[in-house]
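What follows is a single structure, written as structure tokens, with notes after it.
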Amino acid sequence: MKVLLDECLPLDFRHSFRDIQAHTAQWTGFKGKKNGELLEAAEAAGYDALLTVDQGIPHQQRLGDQKLAVVVLHSPTNRLQDLLPLVGRIVQVLAAIQPGQTIAVSSSD
């Protein structure tokens, strides 16, 4: 599984995923790309999923025709300490998510 972390996530969050290739938008050169452009670039680069805290992506983008899946994280903030409790659930979701699917993960899951 190859996962892209949106630029709104902390850089060190990529180290939280064992057995998953997690890269940041900064590392890939995708920093500053808008949602549609980011999704297209990630898919073209062979990513399987995008992790983001951007709640608007599912409403702004049509994902059903894409190979890329999106996991939208709901946490109090986008700080590392608030995101770390979601890692176990994120890994479960990534194991089951299908291309073009969007799944939300929150601290209450």
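Only the coordinates and a few stated rules stand behind these numbers; no lab work does. Owing to the predicted nature of the structure, the values given are computational and were not obtained by experimental measurement. Virtual Cβ from ideal backbone geometry, glycine too; neighbours counted across all protein chains shown.
Structural remarks
- Relative contact order of region 2-106: 29 percent, from C-alpha pairs under 8 Å at least 6 residues apart in sequence.
- Amide H contacts of A104 (H built 1.01 Å from N, under 5 Å, at least 5 apart or other chain): V72
- Shown for D54, D6, D19: other C-beta atoms within 10 Å of each C-beta, ranked fewest to most, produce the order D19, D54, D6.
- Assuming charge only on the beta carbon of Lys and Arg (+1) and of Asp and Glu (-1), the dipole of the chain about its Cα centre is about 80 debye to the nearest 20.
- Within the chain, helix-based [θ] at 222 nm, where runs of 4 or more DSSP H residues each add -39,500 (n - 2.57), nearest 500: -7000 deg cm²/dmol
- Count Lys and Arg as plus one, Asp and Glu as minus one, and take only other residues whose Cβ is under 12 Å from that of L80; the net charge is then 0.
- Taking packing as the residue-averaged number of other Cβ atoms within 10 angstrom, the listed peptides 79-88, 22-31 run from highest to lowest as 22-31, 79-88.
- Overall, the anisotropy analysis places the chain in the rounded class: the square-rooted eigenvalues a ≥ b ≥ c of its C-alpha gyration tensor yield a/c less than 1.5.
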